[in-house]
1. Give me the pairs: first residue in the stretch 111-126 and within 15 Å of Arg167 (Cα to Cα) and free of Cβ contacts under 8 Å to residues at least 60 places away in the same chain, second residue β-branched (Val, Ile, Thr) and part of a helix (DSSP H, G or I), beta-carbon distance under 8 Å, and six or more apart or on different chains, which are they?
2. Given the stretch 100-139, what helices (runs of 4 or more DSSP H) lie entirely inside it while holding 2 or more residues that are small (Gly, Ala, Ser)?
3. Kindly provide the set of residues from the stretch 309-330 that are at pLDDT below 95, of a type in the set (Lys, Arg) and surrounded by fewer than 17 Cβ atoms within 10 Å (Cβ to Cβ), ordered by number.
4. Looking at the structure I just gave you, is Thr301 among the polar types (S, T, N, Q), at pLDDT below 80 and in the same structural domain as Lys242 (by TED's automatic domain parsing)?
5. Could you list all residues from the stretch 272-326 that are within 22 Å of Trp260 (Cβ to Cβ), small (Gly, Ala, Ser) and in a helix (DSSP H, G or I)?
6. Out of Leu152, Leu175, I need the residue that is assigned to a helix (DSSP H, G or I) and touching a residue at least 60 places away in the same chain (Cβ under 8 Å). Which one?
7. Do you know which residues across the stretch 94-146 are surrounded by 14 or more Cβ atoms within 10 Å (Cβ to Cβ), aromatic (Phe, Trp, Tyr) and farther than 30 Å from Leu59 by Cβ?
8. Which condition does Ser193 not pass, out of (1) outside any helix (DSSP H, G or I); (2) over 30 Å from Tyr110 (Cβ atoms), if it passes all the others?
Amino acid sequence: MPVINLNQQTIKTLTCPSGSKKIVYFDSTCKGLILEVRESGGRTYYLRFTDERGKSRQLKLGDARDITLGQAKQQADKKRNEIAMGHDPRVAKANLKKIPTVSEFIHKVYLPYVEGYKKSWKCDRGLLKNHVEPVWGKRYLDQITKSDLISLLANHRKTHAPGSCNRLTILLRYLFNTAIKNGDVGITKNPMSGHPLMKEDNKQERFLTSEEAEVLYEKLKLSDNIMLQYIVPMLILTGARKREVLDARWEDFDFERRSWRIHTTKLGRPRHVPLSDGAVALLHSMKRFEDCPWAFPNPKTLKPYVSIFYSWNTARKAAGLKDIRMHDLRHSFASFLVNAGRSLYEVQHLLGHTQVKTTQRYSHLTKDTLLDASNAVTRAVGHLFVPMVSTSPSVQVQLIQ
């Protein structure tokens, strides 16, 4: 391998010897810089160096058609300095090759990972498919910056409520954390770190009154879905979630101990729900389908319903309650309990919440309950200040003029 003083003049005259596929020329003025000249006429600059294990290595600097000799020498000096400081440029290059595109990471790593333990993985898949992949799918994971995230979430906010934006924010934060924990994709920093959640001021607080529940039940009995008249009351009487009721089996109900064991909950672990007199009476009034383990099955398939929205939507509209969502029945369960004087601690455990602050959102107090609570002070000392006091709504309180 000849050593020569590489310059623009000599480079033009260098050729590959006949019968050889390539020849390598070492530059005498720049340590480690070599020029490979191939039979085809192609020319490439390389840096040859010795790694930390004493082995001779070669790093490509660039095609002679793309960079000049001067640029090649500058690159060689820079790379030699990095190597002397303990940074192998080949490792950095290899790490870049390991970084997948956003779509590749989602489908090859993230979704297979969360599918094994996360109940809401299908929701994740939908959010990523509809709102992330169309924008970032072909970009590499390390190319996503805080500015990209701010732009994505700002556009998402134009058509979605703060709660939906927060779900996407949390998902993206978890996505990048998963990439970091994975350790094989070359990501070390989470661009979502420190990004705040939006204030959610759009939470709907809707609760059934006893009168509304009565009207709704009459419409449920008229529904084409004969199981709806049992499913909805079960939701109201137990405060269970829709999927928990639809997937309930007869074997889960222990009538002797008045307990219902829900195998898979939102938190991914089983819990026990006390069966009230009303819930027990409801279950005993239901028809059992032969050879069917499910308590609330679709009579046509004898399997749990995939969805009951159409029949539910028809019934609630007929009852004049189109603003009542099915999850509001769980809210109503908590509301009835609190207005009956039950403590938040009791409601928390009946709903299966791990934190009481979650329960507080459901603990609705009716105006009558609050008025009665306020009148407790009047009953205690009101006679000292007001000549005539009555707690009856039909009698007005006459204040001292």
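The values are calculated or read from the model by the stated rules, or taken from the named source; none is laboratory data. Values in this document were obtained by computation on a predicted structure and should not be read as measured data. No Cβ is skipped: glycine too gets one built from the backbone with ideal geometry, and neighbour counts run over all protein chains shown.
1. So the pair list comes out as Trp121/Val114; Asp124/Val114.
2. Per the criteria, no element qualifies.
3. Selection gives Lys322, Arg325.
4. no
5. Matches in the stretch 272-326: Gly278, Ala279, Ala281, Ser285.
6. The unique qualifying residue is Leu175.
7. Tyr110, Tyr113, Trp121, Trp136, listed by residue number.
8. (2)
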